[in-house]
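Values quoted throughout were computed directly from the atomic coordinates according to the rules given, and no laboratory measurement underlies them. Nothing here was measured: the structure is a model prediction, and the numbers come from that model. Backbone-built Cβ (ideal geometry, glycine too); neighbour counts: all protein chains shown.
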Amino acid sequence: MTLAVLIVLAYVCGSIPTGVLLARRRGVDPRDIGSGNIGATNVARAAGKTLGALTLVGDIAKGLLPVLLAHRLGVGDLGSALVGLAAFLGHLFPFSLEFQGGKGVAVSLGILLGLAPLGMMIVVPIFAVIVGVTRYVSLGSILAAALAPIVLAALAYPLPTTLFSLVTAVAIPFRHRDNIRRIRFGTESRVGSRRSAFPDSGYA
């Protein structure tokens, strides 16, 4: 019963449209601006850097807090991974936005910070290096997601945790398919480019 309740709560938590709620304070809806994404980069584009940063923090917290609660209640590795998966699916398919959600990068980071903190201490710097070299935040997000299962397996994390990271390694590139297309054709915005100070990076 405890695990079932946690899974439901995690989905509801993941479904909280952080970016939409924050952007409405400025009288805008990120879904009507730029890429239409509900994540930090498009909120920053629509409502300013401060609200973009708060959206990033909020989306990470949506993943981290349910997992920390699951750990505290002792539901085990499989239970914690299922709770994380529920939060992830809540963000991708939120009931609050007619199941049209974000790309899952920030919320998956929060979940994996709770499930595999040491692994994230390796993956996040690699993400930063990729972005620093290519100036594509979307590419950094995709490659970091793909790398996570390898790192977690190498560190011998529990199988449910590694399998969760494998789910995100598939889902995140799929949600970034438009970004991948733009990278191929050289039209994807880069960090610091004059075209956009906030490229559609996938922090959603």
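Within the listed set Gly19, Gly52, Gly74, the Gaussian network model of the chain (springs between alpha-carbon atoms below 10 Å) gives the highest mean-square fluctuation for Gly74. Relative contact order of the chain: 24 percent, from C-alpha pairs under 8 Å at least 6 residues apart in sequence. Stretched out straight at 0.36 nm per residue, the stretch from Phe93 to Val57 would grow longer than its current Cα-Cα span by 11.0 nm. Compactness of segment 117-170 was expressed as the Cα radius of gyration divided by 2.2 N^0.38 Å, which yields 1.10. Screening the chain for whole DSSP H helices of 20 Å or more along their axis (Cα) with average Kyte-Doolittle hydropathy at least -0.5 returns 49-72, 76-92, 117-134, 137-154, 159-175.
All alpha carbon pair distances within the chain were sorted into 10 Å bins beginning at 0; the resulting P(r) in whole percents reads 10, 37, 36, 15, 2, 0. A straight chain from Arg24 to Arg177 at 0.36 nm per residue would run longer than the Cα-Cα distance by 52.3 nm. Hey, rough spin-label estimate for Met1 and Lys49, points 7 angstrom out along Cα→Cβ, what's it come to in nanometres? So the label points at Met1 and Lys49 sit 5.1 nm apart.
Taking 0.36 nm per residue of separation and subtracting the Cα-Cα distance, what length does fully extending Ile33 through Ala128 add? Length gained between Ile33 and Ala128: 31.5 nm. Sites count as exposed loop sites when they are chymotrypsin sites (Phe, Trp or Tyr not before Pro), lie in a DSSP loop, and have at most 13 other Cβ atoms within 10 angstrom; the longest stretch of the chain without one is 1-98.
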